[in-house]
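Colleague: Please read through the structure below; I'll follow up with questions.
The values are calculated or read from the model by the stated rules, or taken from the named source; none is laboratory data. In this text the structure is predicted, and so the values were computed from the model without any measurement. Here Cβ is always computed from backbone atoms with ideal geometry, including for glycine, and neighbour counts include all displayed protein chains.
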Amino acid sequence: MRTTDIIALEQQYILQTYGRPEFVLERGNGVYLFDMDGNRYLDFVSGLAVNALGYGDYDVLKAIEEQASQLMHVSNLYHTIPSTLLAKQLVENSFADRVFFCNSGTEAWEATLKFCRKWGNTTFDKPKNRLIAMNDSFHGRTYGSISTTGQPKYHKGFEPLLPGIDFADFNDLASVEKLVTDETCAILLEPLQAEGGIHLATAEFLEGLRALCDEREMLLVFDEIQVGLGRTGSLWAYQQYNVEPDIMTLAKALGGGLPIGVALLRQKVADAIQAGDHAATFGANPVACAAALQVFGKLNSDGFMEGLKEKGDYLRTRLEKLMQRFPEDIVEIRGRGLIAGAVTTRPAGDFLVPFRERDILVATAGANVVRFLPPLIVEQERIDEVVDVFDEILRQGVE
């Protein structure tokens, strides 16, 4: 079949919730993707921060093959080996005491909302079930997730949303304090707002939220679905602050390309959850967990984070020099580690095609932020290549 055949079938049979470019990806290798026509693309999207180890990692593929030949699925009615070993690794290398497995980031967030309300409704004499989320946040596309996402464009047409949710301004502790009542059970946020524009939390803000939650007996909940697992230069984004959450959600990079979602919980939250309170038929899937064990082991290996931080610093330095060359086109560089955003004076979407025409894939984060999410194994030379192309595009002008 040809590229045009696949695209025609997609448009005929698949619900049109995405606007895709006119090529069909067929395979990947390292930091590159290849389409049906043999064109090669340098991938600075990495499956929206999923493909942390790029494409074709030998150990991940071997783990998938071996586990699939032994046991692919039995549901959560039974014990399995990979999920137990993965849970042990996640707990021993984080703040958490317990793990809940599901299939995606938005599922992990939905589970977390239930856990927060179950904790708040059962721990206190007077139930506490209101939630405080952040403006410009993003937590997924299911009902609970969009209800706690502080971007009205995701709400339009899907009302009424989940009740009992208040929105504060990111990095504005006073705006949070004004919303807290005796019914508030949790404060929800991303340490780095990714989809909302690459906004980094300040240390003062997170420290203030932790103190507020401790004082008012509320849970502090972090969404590290996109920014955890090394993306910001440390295993967890929260490690770069003097703050630990009570619950944290993970997904994306952990599965190495296979669907997986995780909620990490402190024991005080786990104590409120009983058998039957929540479930996930495909959660803790043996094949996904076997792949995740390999991914997590590599990300947590000696020297990996140090090298990643160096590459993140290099990417930021190169982008900041580019901003100095083109101050009328780029007004700010945001991000940390290998999630970077160039704030542009024209719509960020205008840059996608010029990059693709030069065989590079990048993404956007909001209306005017060009987002760079390379695989964490990216080499410095590839960073140079992308920034040099950005320079060329700005010099020649975007049509």
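Colleague: Considering (1) exposed (fewer than 14 other Cβ atoms within 10 Å of the Cβ); (2) closer than 16 Å to LEU258 by Cα, say which one GLY47 fails and leave the rest.
Modeller: Of everything listed in (1) exposed (fewer than 14 other Cβ atoms within 10 Å of the Cβ); (2) closer than 16 Å to LEU258 by Cα, GLY47 misses just condition (1).
Colleague: Those residues that are at positive phi and outside any loop (DSSP other than H, G, I, E, B), I need them from region 1-42; list them, please.
Modeller: Once the filter is applied, which keeps residues that are at positive phi and outside any loop (DSSP other than H, G, I, E, B), region 1-42 yields only GLY30.
Colleague: Can you tell me which residues in region 66-84 are loosely packed, with under 15 Cβ neighbours inside 10 Å and of a type outside the set (Asp, Glu)?
Modeller: Across region 66-84, the qualifying residues are ALA68, SER69, GLN70, MET72, HIS73, VAL74, SER75, LEU77, TYR78, HIS79, ILE81, THR84.
Results for (1) within 15 Å of the chain's Cα centre (by Cα); (2) closer than 14 Å to CYS116 by Cβ; (3) modelled with pLDDT of 95 or more; (4) in a loop (DSSP other than H, G, I, E, B), shown as yes or no for each residue.
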| residue | (1), (2), (3), (4) |
| --- | --- |
| VAL221 | yes, yes, yes, no |
| ILE273 | no, yes, yes, yes |
| GLY283 | no, no, yes, yes |
| ALA288 | no, no, yes, no |
| VAL295 | no, no, yes, no |
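Colleague: Let me ask another. Here are some residues: VAL269, VAL243. Which one is over 16 Å from GLU107 (Cα atoms), in contact with an Asp or Glu (Cβ under 8 Å, 6 or more places away or on another chain), part of a loop (DSSP other than H, G, I, E, B) and β-branched (Val, Ile, Thr)? Give the derivation first.
Modeller: Working: VAL269 fails: part of a loop (DSSP other than H, G, I, E, B).
None of the other options fit; the residue is VAL243.
Colleague: While we're on this one: Among the residues in region 224-239, are any among the small types (Gly, Ala, Ser) and under 16 Å from ALA108 (Cα atoms)?
Modeller: yes
Colleague: Moving on. Just checking, which of VAL60, VAL31, VAL74 is within 20 Å of LEU361 (Cβ to Cβ) and among the β-branched types (Val, Ile, Thr)?
Modeller: One residue alone meets the criteria, VAL31.
Colleague: Checking the structure you have, find out if any residue of region 116-134 is within 15 Å of GLU224 (Cβ to Cβ), modelled with pLDDT of 95 or more and either assigned by TED's automatic domain parsing to the domain that holds ALA174 or out of contact with any Ser or Thr (no Cβ under 8 Å at 6 or more places or on another chain) (or both). I'd like the intermediate steps shown before the answer.
Modeller: First, pick out the residues of region 116-134 that are within 15 Å of GLU224 (Cβ to Cβ): 134.
Next, only the ones that are modelled with pLDDT of 95 or more stay: 134.
Narrowing the set further to residues that are either assigned by TED's automatic domain parsing to the domain that holds ALA174 or out of contact with any Ser or Thr (no Cβ under 8 Å at 6 or more places or on another chain) (or both) leaves 134.
Among the residues of region 116-134, at least one is within 15 Å of GLU224 (Cβ to Cβ), modelled with pLDDT of 95 or more and either assigned by TED's automatic domain parsing to the domain that holds ALA174 or out of contact with any Ser or Thr (no Cβ under 8 Å at 6 or more places or on another chain) (or both), which makes the answer yes.
Colleague: Quick one: in region 142-178, of everything that is basic (Lys, Arg) and farther than 19 Å from ALA194 by Cβ, which residue is farthest from the chain's Cα centre (by Cα)? First the steps, then the outcome.
Modeller: The initial filter retains those residues of region 142-178 that are basic (Lys, Arg), namely 153, 156, 178.
Those left that are additionally farther than 19 Å from ALA194 by Cβ: 156, 178.
Values: LYS156: 23, LYS178: 29 Å.
Among residues in region 142-178 that are basic (Lys, Arg) and farther than 19 Å from ALA194 by Cβ, the one farthest from the chain's Cα centre (by Cα) is LYS178.
Colleague: Then there's this: Would you mind listing the helices (runs of 4 or more DSSP H) fully within region 46-105 where at least 2 residues are without any contact (Cβ under 8 Å) to a residue 40 or more places away in the chain?
Modeller: Answer list for region 46-105: 58-70, 81-92.
Colleague: Something else now. Restricting attention to region 158-175, which residues are touching a residue at least 12 places away in the same chain (Cβ under 8 Å) and of a type in the set (D, E, K, R)?
Modeller: ASP166, ASP169, ASP172
Colleague: On to the next question. Can you list the strands (runs of 3 or more DSSP E) found entirely within region 127-189 that contain at least 1 residues being among the acidic types (Asp, Glu)?
Modeller: Where strands (runs of 3 or more DSSP E) fall fully within region 127-189 and carry at least 1 residues being among the acidic types (Asp, Glu), they are 165-168.
Colleague: So, one more: So LEU219 ticks every box in (1) surrounded by fewer than 24 Cβ atoms within 10 Å (Cβ to Cβ); (2) under 22 Å from THR181 (Cβ atoms); (3) touching a residue at least 12 places away in the same chain (Cβ under 8 Å) but one. Which box is left unticked?
Modeller: (1)
Residue by residue, here is whether (1) farther than 23 Å from LYS62 by Cβ; (2) assigned by TED's automatic domain parsing to the domain that holds ARG98; (3) in contact with a helix residue (DSSP H, G or I) (Cβ under 7 Å, 6 or more places away or on another chain) holds:
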| site | (1), (2), (3) |
| --- | --- |
| LEU229 | no, yes, yes |
| GLN240 | yes, yes, no |
| THR249 | yes, yes, yes |
| HIS278 | yes, yes, yes |
| PRO286 | no, yes, yes |
| ALA291 | no, yes, yes |
| LYS311 | yes, no, yes |
